[in-house]
There are 2 protein chains.
Amino acid sequence: MMNVNHERIILSHGNGGLMMHELIENIFIRHFDNKILREQTDAAILKMDSSTVAFTTDSFVVDPVFFPGGDIGKLAICGTVNDLSVSGAIPLYLSVSFILEEGFPLKDLEKIVLSMKREAQKAKVRIVTGDTKVVDRGKCDKLFINTAGIGTIRKENRPIGSGKRIRTGDKILINGNIGDHGIAVMSARESFNFSTTVVSDCASLNLLIQKILNNCSQVRFMRDPTRGGVATVLNELVRKGNFGIEIDEESLPVSEGVRGMCEILGFDPLYMANEGKVMIVAGARECDKVLSIMKGMKEGRQSAVIGEIVSDHPGKVVLKTITGGKRIIDSLTGEQLPRIC
Amino acid sequence: MMNVNHERIILSHGNGGLMMHELIENIFIRHFDNKILREQTDAAILKMDSSTVAFTTDSFVVDPVFFPGGDIGKLAICGTVNDLSVSGAIPLYLSVSFILEEGFPLKDLEKIVLSMKREAQKAKVRIVTGDTKVVDRGKCDKLFINTAGIGTIRKENRPIGSGKRIRTGDKILINGNIGDHGIAVMSARESFNFSTTVVSDCASLNLLIQKILNNCSQVRFMRDPTRGGVATVLNELVRKGNFGIEIDEESLPVSEGVRGMCEILGFDPLYMANEGKVMIVAGARECDKVLSIMKGMKEGRQSAVIGEIVSDHPGKVVLKTITGGKRIIDSLTGEQLPRIC
């Protein structure tokens, strides 16, 4: 057994030899433990129960690696689980690949691995294959994690991520407060001089999404508003078809903490990153049903209908402000917050 | 269209907004172009023709990113194609995830992407999903690439990566010279003061491997000897069962260039990384057939039988030296070459 309390990552942990073998056995295999991973073959061999498979990947470089409400490991699991879920898939298997900086404390690595384990268990996914690389001190920032994931798709959910089903009159919903992740990560940075109680919303949404998909037939589109926030998803959406979007500012769920920080710092919550939010476009007739399912689950207590698909101003996202005015919400152009996920 | 000749990666290329969208459209989608990727959904939706799926991942941090015989992009495709292939799978789909350092020249990124495109075409795999992150200058070293891959497995090839089929008397083969990748990458480093003509063996081996699996029924095990080299694969193998391995030094294919460099630098070719090599354990009766198929293909001209599975010294890899002596080949313990892949 390694003494993780005093040890640090050294270059030999990445050389393919005994030290790497020990690291993999004593931290990764031990905590992520399952039958498939334990085989330690070059590729995991999986039995799928559907011939339609969803496949996704994300690298995580969040700074700092620990922040209020989560850490880079939890983020890496949630991010990939959510990317599969919003595509209409049931997430099943994840790969995890670490790039570690020489000198990174093993106890922090183990803390992150335990956090990944917990989140994977919660989301009912298995980590079945992985990779470990080590770079010399100063050649990466502590650690970067890549997760790729695969899941199966039921026939009726197939085009849910494409936006092709969207029609005028459809409603746009979100499962709660926006901008929490962005503000929480920013507040954890050394350079941040304000105090806030905002906590990242980082969460796996597969169970919420599956419940909606199992009970509703008019879900036209789903997407998780991560980097670039709600505004970016809406702008990508209007580029997909001949329709516009109208958002009602008054209905946008934003916590007091996020609203206050955004005012101080000059940010707009619409562009702030979220890691536990899903935007859903649903047929008007089923809107109430979707909303009530969302509100009935822990990850959806603050759910709201925030806008609708309109035939006016095609290709544009328009915000109806609280004061009764209207303004166009553009795609993000300048710099927002680097390394937010 | 971007002017890739003068531009460099900036933080906004990773913020989820318009700049990132442009980078993805103009470099990644344009070159990796295929119908699935073009959908740009959070997850690629794939139709599989078998319910048994192989899944693997690797991150690449090679230093330098361009080296004789390849670059980090080619390596990222070959590495994942080969991991799937040695598991008995037909590689089909890859994900590609970039971590880019602020300031990295776009023309170098495009060169790497074109190299990935070429290698993917050669290996008949499609890049169907991806991710792009940007970190501030000094927080990673130029770029890191993660590729994950999935492929399908024919029923009869299922336990090929596990080593469970291996029996005493089986022969061990390799498809050519060892150590080329390790020496080539090292020679490309600024600190390297010797001149060498050694070129990386970096190559996708799926077509070679599929030809063997389609024609031979006694292939017991395959593995690609990357980090840690041939010696590491052999040591992992003897840990799997109640047998020993005997390697014949005289039969080990090593080029003059690699042999010379290893002598000067005090390295052992058995521990040097390869990126276009596969080690195959085959039943003795089929050994000649496997060897002749390997020699008949470009990636296998220098193939050789290098040893066999023995009942003596279980758990140990023994080298019969050219001078007639015997010595134990241990797992790699000390430092070899960091960031070789």
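Coordinate-derived values only; no laboratory data. Note that the structure is a prediction, hence the values are computed from the model and not measured. Positions of Cβ are backbone-derived with ideal geometry, glycine not excepted, and every protein chain shown enters the neighbour counts.
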In whole angstrom, and with the biggest value first, how far do the Cα coordinates of the range A:162-328 range along each principal axis?
-> 46, 35, 26
Determine, for A:Ile264, B:Ile280, the number of other Cβ atoms within 10 Å of each Cβ, and report the residues in order from fewest to most.
-> A:Ile264, B:Ile280
In chain A, which longest range has no GluC sites (Glu not before Pro) that are both DSSP loop (not H, G, I, E or B) and surrounded by at most 13 other Cβ atoms within 10 Å?
-> A:1-189
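I'd like the trypsin sites (Lys or Arg not before Pro) in the range A:209-240 restricted to DSSP loop residues with at most 13 other Cβ atoms within 10 Å, sorted by number. Working shown, then result.
On the way: sites: A:Lys211, A:Arg220, A:Arg223, A:Arg227, A:Arg239, A:Lys240; in loops: A:Arg227, A:Arg239, A:Lys240.
Of the trypsin sites (Lys or Arg not before Pro), the ones in loops of the range A:209-240 whose Cβ has at most 13 other Cβ atoms within 10 Å are A:Arg239.
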Out of B:Gly283, B:Gly138, B:Gly149, a Gaussian network model of chain B with alpha-carbon springs under 10 Å gives the largest mean-square fluctuation to B:Gly138
Note on the range A:132-254: the mean projected area of its alpha-carbon convex hull, in nm², is 11.4
Bins of 5 Å from zero: percent of alpha-carbon pairs in the range B:260-323 | 3, 12, 17, 20, 21, 16, 8, 1
The range A:275-326 and the range B:136-164: distance between their alpha carbon centers, rounded to Å | 39
Length released on extending from A:Arg30 to A:Leu114, taking residue separation times 0.36 nm less the Cα-Cα span | 29.2 nm
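Restricting the count to DSSP beta bridges whose residues both fall in chain B, what percent are antiparallel, rounded to a multiple of 5?
Of the beta bridges lying entirely in chain B, close to 75 percent run antiparallel.
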Beyond 39 Å, the calculated P(r) of chain B holds a percent of Cα-Cα pairs equal to 17
Who wins for biggest fluctuation among B:Thr323, B:Thr80, B:Thr41 in a Gaussian network model of chain B, springs between alpha carbons below 10 Å?
-> B:Thr323
Whole-Å semi-axes of the range B:131-183's equivalent ellipsoid, largest first, each the root of 5 times a Cα gyration tensor eigenvalue?
-> 37, 20, 9
Using only Cα positions of the range B:24-115, each an equal point scatterer, no hydration layer, compute I(q)/I(0) via Debye at q = 0.15, 0.24, 0.25 Å⁻¹ and quote the log10 values to two decimals.
-> -0.70, -1.42, -1.45
Cβ density ranking, 10 Å radius, fewest first, applied to B:His6, B:His21 yields B:His6, B:His21
Can you give the percent of C-alpha pairs in the protein assembly as shown whose distance is more than 39 Å?
-> 32
What does a probe at B:Lys164 reach in the range B:223-255, counting residues whose amide N is under 19 Å from the point 7 Å along Cα→Cβ?
-> B:223, B:236-243
Which pairs, out of B:Lys47/B:Lys298; A:Lys155/B:Lys117; A:Lys171/A:Lys211; B:Lys47/B:Lys124; B:Lys211/B:Lys320; A:Lys171/A:Lys320, put more than 23 Å between their alpha-carbon atoms?
-> B:Lys47/B:Lys298; A:Lys155/B:Lys117; B:Lys211/B:Lys320
